[in-house]
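To start, the structure itself, in structure tokens.
The values are calculated or read from the model by the stated rules, or taken from the named source; none is laboratory data. Because the structure is predicted, anything quoted here is derived from the model rather than measured. In this analysis, Cβ positions are derived from the backbone assuming ideal geometry, glycine residues included, and neighbour counts consider all displayed protein chains.
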Amino acid sequence: MKKMVLVIALAAIALTSVSAFAQVDPNYRDNIGIYLDENGDNNCAFLPINVPTNAYLVLSKLTATEVLGWEAKISFTNMFVLSFADRGQAVDIGSRPDEHVVGYAAPLPAVGDAVVVADIQIMVNNTDPAYAFADEIYFSLLENGLPAYIDGASAGYSLHPAFGNVNDPMFIINGDCAPVAVEDASFGSVKSLFR
């Protein structure tokens with residue numbers, strides 16, 4: 001019951017203080033990804049099996065200069081998550097599996113327009129491709145189907161997964177490092193050119 005009251009209180013505060021959600025360039029700004037380095041450069045690699053590996057959840061190319069909180073559903077396929085530790089003085093009140101609703105006592109500053117928000121240790125147990133995805137949470141403050149973060153002034157921003165949209169992985173192990181998003185209408189669009 002206490003957890004639900006806290007969720008409702010945080011949501012009410014966020015909803016009353018956020019007047020608009022800004023997004024400068026949805027293709028290149030405000031990204032979320034899991035990387036093998038804290039700079040947010042390597043989110044696709046081949047790893048040995050049964051070896052714990054450190055990874056980092058990074059919010060990159062941020063519009064804001066600091067992060068006061070973030071929310072996302074982080075799911076993994078074909079890899080074990082040995083640990084998931086939030087950075088800073090964080091409280092994670094996510095109430096559903098794989099959901100994170102994280103708030104900080106003090107905002108985390110962006111360094112080079114990026115913030116590491118969590119340290120993750122993963123392990124793969126076979127050579128099959130493994131993926132991590134970011135998606136919106138069930139009780140999301142945004143209605144656009146994306147994860148989000150807020151800055152120190154409680155302005156909200158959508159987060160875009162590193163490789164594209166929520167259907168594309170944001171982290172790939174032992175797989176194709178150049179995923180191409182599937183466009184359902186692309187064949188019909190090309191076919192219409194020849195009519």
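Scan segment 158-180 and give yes if some residue there is outside any loop (DSSP other than H, G, I, E, B), among the small types (G, A, S) and at pLDDT 90 or above, otherwise no. The answer is yes, given that some residue of segment 158-180 is outside any loop (DSSP other than H, G, I, E, B), among the small types (G, A, S) and at pLDDT 90 or above.
Scanning segment 60-115 for residues that are among the aliphatic types (A, V, I, L, M) and surrounded by fewer than 17 Cβ atoms within 10 Å (Cβ to Cβ) yields V81, L82, A85, V91, A105, A106, V111. Considering V81, V67, V51, the condition of being β-branched (V, I, T), within 21 Å of G156 (Cα to Cα) and at pLDDT 95 or above is satisfied by V67 alone. When restricted to residues that are charged (D, E, K, R), closer than 16 Å to A114 by Cβ and in contact with an Asp or Glu (Cβ under 8 Å, 6 or more places away or on another chain), segment 27-74 contains 2.
Condition check for E136 on (1) under 23 Å from N54 (Cα atoms); (2) touching a Leu at 6+ places or on another chain (Cβ under 7 Å); (3) among the acidic types (D, E): one failure, at (1). Residue count for segment 116-154 satisfying the condition of being outside any loop (DSSP other than H, G, I, E, B) and on the phi > 0 side of the Ramachandran plot: 0. The number of residues in segment 102-126 being β-branched (V, I, T) and modelled with pLDDT under 95 comes to 1. Residues that are surrounded by fewer than 20 Cβ atoms within 10 Å (Cβ to Cβ) and modelled with pLDDT of 95 or more were ranked within segment 127-140; the one that is nearest to E66 (Cα to Cα) is P129.
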